[in-house]
Amino acid sequence: MNLLRRHPVAIVLVVLLLATAIHPLSPLVDAVTGSAPGDVDLERPVLYVLFAPLSNTLDALTFFSLARAVWAFTVWVLLLAAWGAIRASSDSQSPRRVIATALLGPAVVVLLAGAAVLLPRPVPRLVHDGAGTVLDYHAHTNASHDGRPGWTLAKLADWHERQGYEASYVTDHNVVYDGSLPVPGGTSISLLPGVEWSVHQQHVVAIGPVEPLPRDSFQGSTPRMIRIFAAIERQGGLSIASLPEYWRYHWDDLGAFVLGGVDGFEIVNCAPKALGFPSDLRRQVLTLAGSHDLMVVGASDNHGWGRVTCVWNVSLPGAQGFHTNRVFARPLALVQGDWQPWTAAVTQPWFLLRSLSWSERASWLTWVVIILLYRAMPRREGQGAGLGILARSLGPRRRTTVPNETPT
């Protein structure tokens, strides 16, 4: 009870780490069947596992849907600010110190969010035992209006190689990549031709031998937009309806998409605005695609801002239509659409802990024990835990005068 009173956060974290191990989430889920695959896995670098609390937290921040991110950020900032202010006030600190302490927690949240985007770090990569090519159908360079500055073909190729991809289509917004430009650097990734057309309330990913199209011909209405599928087919390319647009703006038009000649649908997209796709709607798209033998794909939709992907495709040799790909996703990304956004502050940490591998869970527990041992080290009366004890051990020692001792 004394340990619980002195270190409640650490003890609660240990309990949660053990409780979530009872019914964990699979590291990867087949997005088509919903089952845990047996022939693919995530290979985690040593440094990723060693610093698993940071690595997993940054991944969880990357896999936030936009609405859940807003709610979680708001709740965490307010709670941490209130907690810091109450603790500082209970210690009778000055108003200036109370404000500084209240701002400390929110500052940590902001720093973590920035680190998720900017901090170079090791990431898991997909490894698979079977035949097929690990492929990304939707990615961007700085040629897109919303691409990260300096996000060149070489950086895009390197990003994909570190994640375990073997090839990727380059699908910049309304800028055709024909595959003729060599990829500088030493990567072994193949960058394939493609484009993402922005038309009436829909983004359409076109892959293969694509050519420029007069986009104005497909603006203004849904019937005009749908004609782009046939135009892409005449070029010899394949057209894929991208998330989140068809879910938000054309849900009642998907039958017309099929009649118009669409070749497939994205069922997982790692962009924050698309991660909220509910699983029941995903199942309806899978049923539609299966009945018409259409492709279903996963897309990183990477613009250079996210350090880690949530989905991979293993493209099967010789397969076509619905059986072209196996789509594997991180479960933390798939659950985003099945929970109300206002629950994000609680459910995101819960799903994060459930999705830990045993090696990651062991790393978390080790770090908790190390911090507890450090904070429990004996210290002089009135000296708080933290760097003070380290400073005392490293600082200059003062000579102690024995009472009644005659100086020499």
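The values are calculated or read from the model by the stated rules, or taken from the named source; none is laboratory data. Every value quoted in this text rests on a predicted model; they were computed, and no experiment measured them. A quick note on method: Cβ atoms are made from the backbone with ideal geometry, for glycine too, and the neighbour counts reach across all protein chains shown.
This table checks each residue for (1) in the same structural domain as Val297 (by TED's automatic domain parsing); (2) charged (D, E, K, R); (3) closer than 24 Å to Pro278 by Cα.
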position	(1), (2), (3)
Tyr177	yes, no, no
Glu196	yes, yes, yes
Gln202	yes, no, yes
Ala206	yes, no, no
Pro212	yes, no, no
Ser217	yes, no, no
Arg227	yes, yes, no
Ala231	yes, no, no
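Provide a single number: the residues in region 276-335 that are touching a strand residue (DSSP E or B) at 6+ places or on another chain (Cβ under 7 Å) and on the phi > 0 side of the Ramachandran plot.
The number of residues fulfilling the criteria is 2.
Tell me whether region 220-227 contains one or more residues that are free of Cβ contacts under 8 Å to residues at least 40 places away in the same chain and closer than 26 Å to Gly34 by Cα.
So far as region 220-227 goes, no, none of its residues is free of Cβ contacts under 8 Å to residues at least 40 places away in the same chain and closer than 26 Å to Gly34 by Cα.
Quickly run through region 306-331 and pick out the residues that are more than 26 Å from Val258 (Cα to Cα) and either in contact with a Lys or Arg (Cβ under 9 Å, 6 or more places away or on another chain) or in the same structural domain as Val109 (by TED's automatic domain parsing) (or both).
Passing the criteria: Arg307, Val308, Thr309, Cys310, Pro331.
Name the one entry in Leu181, Leu281, Leu243, Leu191 that is within 17 Å of Ser300 (Cα to Cα) and touching a helix residue (DSSP H, G or I) at 6+ places or on another chain (Cβ under 7 Å).
Leu191
Taking region 316-354 as the search range and keeping residues that are part of a helix (DSSP H, G or I) and of a type in the set (S, T, N, Q), which one is farthest from the chain's Cα centre (by Cα)?
Thr343
What are the pairs, 6+ residues apart or on separate chains, where a residue within region 1-18 that is at positive phi has its Cβ under 6 Å from a residue that is among the hydrophobic types (A, V, I, L, M, F, W, C) and modelled with pLDDT of 85 or more?
Partner pairs satisfying both residue conditions: none exist.
In region 192-210, which residues are over 17 Å from Asp263 (Cα atoms) and not in a strand (DSSP E or B)?
The answer is His200, Gln201.
Quick check: anything in region 286-307 hydrophobic (A, V, I, L, M, F, W, C), surrounded by fewer than 22 Cβ atoms within 10 Å (Cβ to Cβ) and over 26 Å from Thr133 (Cβ atoms)?
Within region 286-307, not a single residue is hydrophobic (A, V, I, L, M, F, W, C), surrounded by fewer than 22 Cβ atoms within 10 Å (Cβ to Cβ) and over 26 Å from Thr133 (Cβ atoms).
Which of the residues belonging to region 67-119 are over 30 Å from Gly276 (Cβ atoms) and part of a loop (DSSP other than H, G, I, E, B)?
Within region 67-119, Asp91, Ser92, Gln93, Ser94 meet the criteria.
Return the pairs, sorted by first residue and then second, in which the second residue is crowded, with 21+ Cβ neighbours inside 10 Å and of a type in the set (Asp, Glu), the first residue lies in region 130-142 and is assigned by TED's automatic domain parsing to the domain that holds Val327 and outside any loop (DSSP other than H, G, I, E, B), the beta carbons are less than 8 Å apart, and the residues are 6+ apart or on different chains.
Close Cβ pairs satisfying both conditions: Ala139/Asp301.
For region 246-273: of the residues being in contact with a helix residue (DSSP H, G or I) (Cβ under 8 Å, 6 or more places away or on another chain) and assigned to a loop (DSSP other than H, G, I, E, B), which is surrounded by the most Cβ atoms within 10 Å (Cβ to Cβ)?
Val262
Out of (1) in contact (Cβ under 8 Å) with a residue 12 or more places away in the chain; (2) part of a loop (DSSP other than H, G, I, E, B), what's the single condition that is false for Leu42?
Looking at each condition in turn, Leu42 falls short on (2).
Counting just the residues of region 274-285 that are surrounded by fewer than 16 Cβ atoms within 10 Å (Cβ to Cβ) and assigned to a helix (DSSP H, G or I), which one comes out farthest from the chain's Cα centre (by Cα)?
Gln284
Looking only at region 37-66, which residues are surrounded by 20 or more Cβ atoms within 10 Å (Cβ to Cβ) and among the aromatic types (Phe, Trp, Tyr)?
Correct list: Tyr48, Phe63, Phe64.
I'd like to check something: does region 170-183 contain any residue that is among the acidic types (Asp, Glu), over 26 Å from Leu119 (Cβ atoms) and modelled with pLDDT of 95 or more?
So far as region 170-183 goes, no, none of its residues is among the acidic types (Asp, Glu), over 26 Å from Leu119 (Cβ atoms) and modelled with pLDDT of 95 or more.
Name the residue that is modelled with the lowest pLDDT, counting only residues in region 5-14 that are surrounded by 11 or more Cβ atoms within 10 Å (Cβ to Cβ) and not basic (Lys, Arg).
Taking the candidates together, the pick is His7.
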